[in-house]
């Protein structure tokens, strides 16, 4: 029938069949079809008749839908949820301004919460994809605490609390062939590293014991990202031989994208050998897995006992204090340690913003409720049950919260989406951040609580004042005192804003102080390129030295380059090397007599190029080559520690446990911040490249031109010497320094933003309460002015009354900031959490903001025309 | 909407009257056409059905299914009739009308201006 071109529209018929479930006999469709055939089409013609049919169908939809949901009608006795919601929606659309304000306030606050929580959840709360992550531990995480493979193996035999002990070190993989050469950071790990974590590769296999029988290593495992980037997701990569560091090695596995490496920047892994001989000089750290049922404290006691035994066998004595200082920490806590506190501080900040938003919304609803108490009184006196009126008012709040939730979740998602490519590189597990179910659940719960906090009291108040109202006085100026509830809200807002602004001010001061720290060199105007010579061609010391000499010459010839030099590890970039040094050739009585110092090999011109201040003696020159006596330059700290009160120039420094090598100190340079700007400098010793030619160096240049152009010119010049050289760039040295303060910069920026938002919300709240109080007391003010009060005095009184809750709240806020200041202690730099100037200045800023917010209502109060006010009454 | 005092609302009243007029096996469509014919205004089938449903719930209308013919694709027809309660509702409506109109002559009614 529906196929006929002049018949009733088939689609409309099917729609009716679909909806008309209850009347399975299809009476409605039957009626329509019959009417269509017998009356409508003959009278109107096919086209108009079909339109008629559609109109009738669509007009029936609400009824049919209503019949279908009748069975699940919601609400309970005395309530008709659907009706209440409909009326609530109508009430809200009648006040578009206030509705928008509330929804936006909720949405902004929720958006901030959702976005920060998605980071907190992804980074901190979500378990790492390891088996039993609580049992994975790291032995004393400290750069200066390293162990050789032989020592680690002795340790593993000595302890009993650990299911496995896994030494590891950092290494570099230079991939050549298949296009551009690339240097990748990765791990040199004992073969059971992945097994200890309880993870398996997504492609291929992990390491086996037999992989560790040969050295140099023969097999590698790639990270997911490296596999995508360098091998284009090629599934046949497993089993392929690739050129790494000049040797062909076999790719045996690819880790899953979800794998969290123990060092954030690792992209490849190779196995340590079983035989410590091949890696005798490699400094390693130790991870371990506790046996089931062994607590971390038991594990720590076992670990200390083992170290004491090992050191005693080596003839070294250790004091109980030193032993107690060796820590055993959960690897997860160590990996996330740096970001845990900042993230929770941020979370606290956005929660405070949500509370502020609640206070503002409650304010607005209270003010509105007073305006509506007359209408509510009318409803009640006409016999509407109070429960029913309350339900409708609550439904309005529920709608506001719902709107805020939807918009807020979307905002949170948008912020996370936007920020996903802009997260600081130091943030671990950044790929785990997203708005998933747990984040949405958090958003819903947070908003639910916020809606109850903001919405319930105003409803109760409105209802109560409606009940108290008798009809005769409805809507007429029943002059109450300024609402105590509103004053309380202002006080709460002031306190919250005060805490947030104090936190933001402290962080901003820390950041400013950090920027004023002297790094010991001049990063501005310096650029750096990391140069890894191709393996094979430059294995001879002389060839390597020659290569870097030629690079220095070529780079120095670039017109915009002022000076050129080079160093093994750029200050404040990752990487470092450590040895023990002594001032005397005789073996020390205790290992503490040897000074652990960072050593860096430099090319001539390094100190001049980075402008490291020379304090004494000379710099390295062309004469300090392989033939000449070994020389060294020490930093100030090392000079003071090795030769306290003496002249270090010309003195000998002995290196290594047996003092095999001696160096003559020819110069002293200023301390350079090696790790970051917060960490004080540690002892450091520099050697000339020609006497210790290591393979990879950063080539640095000081330039007065455009940094990008100079970097490109440097890379061209270096590759022209040998196209096989693998280059990677830190780029501008100032950026390298900047990256070390990124955490403080980001945290202070975000907290600063939250502080501003808090001030704004607070100001809006104070303005709202006072403006409302003024308009409610128009009559009282009008009378007082009619009796001779001056406008100025009225304005002053308005400001005074408005400031009382602000002052009370601010005092509470300062007290709270002092009490909670400890939270920030580890994040601050060069400023105390109870910094007096900050604690004095912030209340002034708050007071100033409050004054501005009070100005408009105060002026309005002072210009009330008594005659008009009274006539209006 | 009709009150709960047993007096039909105005559209309810129209539907009840149409059912009463039709006498012979009325159903949705004929009710609709009857109202259109008598009032001269277009009436949607959705409104008629919704009202019939509601009055069914109030017990004013009873219904029974009747096998359909070819013009309706064999679909059943829902025949409605007035219940005694429905008749009572109509009577109440008429009584209310008469009480309201009693002693009133439109010629004597002057419209008054609304006060602002």
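The values are calculated or read from the model by the stated rules, or taken from the named source; none is laboratory data. Fair warning: this is a prediction, and the values are worked out from it, not measured in the lab. Positions of Cβ are generated from backbone atoms using ideal geometry, with glycine treated the same way; all protein chains shown enter the neighbour counts.
Restricting B:89, B:42, B:64 to residues that are surrounded by fewer than 19 Cβ atoms within 10 Å (Cβ to Cβ) and outside any strand (DSSP E or B) narrows the list to B:42.
Just one of the numbered conditions (1) free of Cβ contacts under 8 Å to residues at least 12 places away in the same chain; (2) not in a loop (DSSP other than H, G, I, E, B) is not true of residue A:383: (2). The residues of region A:627-655 that are over 13 Å from residue A:668 (Cα atoms) and in a loop (DSSP other than H, G, I, E, B), listed by number, are A:627, A:628, A:629, A:630, A:644, A:645. Considering (1) buried (at least 20 other Cβ atoms within 10 Å of the Cβ); (2) over 30 Å from the mean Cα position of the chain (by Cα), the lone condition that residue A:254 does not fulfil carries the number (2). Take residue B:48 and tell me if it is surrounded by 15 or more Cβ atoms within 10 Å (Cβ to Cβ), at pLDDT 90 or above and either more than 14 Å from every other protein chain (Cβ to nearest Cβ) or under 13 Å from the mean Cα position of the chain (by Cα) (or both). Taking the combined requirement at face value, the residue does not satisfy it.
Among the candidates A:366, A:427, A:423, the residue that is surrounded by 15 or more Cβ atoms within 10 Å (Cβ to Cβ) and assigned to a helix (DSSP H, G or I) is uniquely A:366. Only residues that are surrounded by fewer than 16 Cβ atoms within 10 Å (Cβ to Cβ), in contact (Cβ under 8 Å) with a residue 12 or more places away in the chain and part of a loop (DSSP other than H, G, I, E, B): list them for region A:94-145, please. Across region A:94-145, the qualifying residues are A:95, A:126, A:129, A:131, A:132, A:143, A:144. Identification of strands (runs of 3 or more DSSP E) wholly contained in region A:656-763 with 3 or more residues that are over 28 Å from the mean Cα position of the chain (by Cα) and at pLDDT 90 or above yields A:661-669, A:684-688, A:697-703. Given the conditions (1) in a helix (DSSP H, G or I); (2) farther than 23 Å from residue A:519 by Cα, and given that residue A:624 satisfies all but one, which numbered condition is not satisfied? It is condition (1) that residue A:624 fails. Go through the residues of region A:225-245 one by one and say whether even a single one is under 18 Å from residue A:278 (Cβ atoms) and touching a residue at least 40 places away in the same chain (Cβ under 8 Å). Within region A:225-245, one or more residues are under 18 Å from residue A:278 (Cβ atoms) and touching a residue at least 40 places away in the same chain (Cβ under 8 Å). Counting only strands (runs of 3 or more DSSP E) that sit wholly inside region A:182-297, those with at least 2 residues that are closer than 24 Å to residue A:135 by Cα and at pLDDT 90 or above are A:182-189, A:268-271, A:285-290.
In region B:68-80, the residue that is farthest from the other protein chains (Cβ to nearest Cβ) out of those that are touching a strand residue (DSSP E or B) at 6+ places or on another chain (Cβ under 8 Å) and farther than 11 Å from residue B:28 by Cα is B:68. Of all the listed residues (A:306, A:212, A:270), the sole one being touching a helix residue (DSSP H, G or I) at 6+ places or on another chain (Cβ under 8 Å), closer than 27 Å to residue A:145 by Cα and crowded, with 18+ Cβ neighbours inside 10 Å is A:306. One residue stands out in region B:12-30 among those that are more than 10 Å from chain A (Cβ to nearest Cβ) and closer than 16 Å to residue A:63 by Cβ: the one that is surrounded by the fewest Cβ atoms within 10 Å (Cβ to Cβ), namely B:12. Going by the conditions given, is residue A:550 within 24 Å of residue A:692 (Cβ to Cβ), in contact with a helix residue (DSSP H, G or I) (Cβ under 8 Å, 6 or more places away or on another chain) and at pLDDT below 90? The answer is no for residue A:550. Selection of region A:1-47 for residues being at the interface with chain B (Cβ under 10 Å from one of its Cβ atoms), modelled with pLDDT of 85 or more and more than 21 Å from residue B:48 (Cβ to Cβ) yields an empty set. Consider region B:57-67 and keep the residues that are touching a residue at least 12 places away in the same chain (Cβ under 8 Å) and at negative phi. The one that is farthest from the other protein chains (Cβ to nearest Cβ) is B:60.
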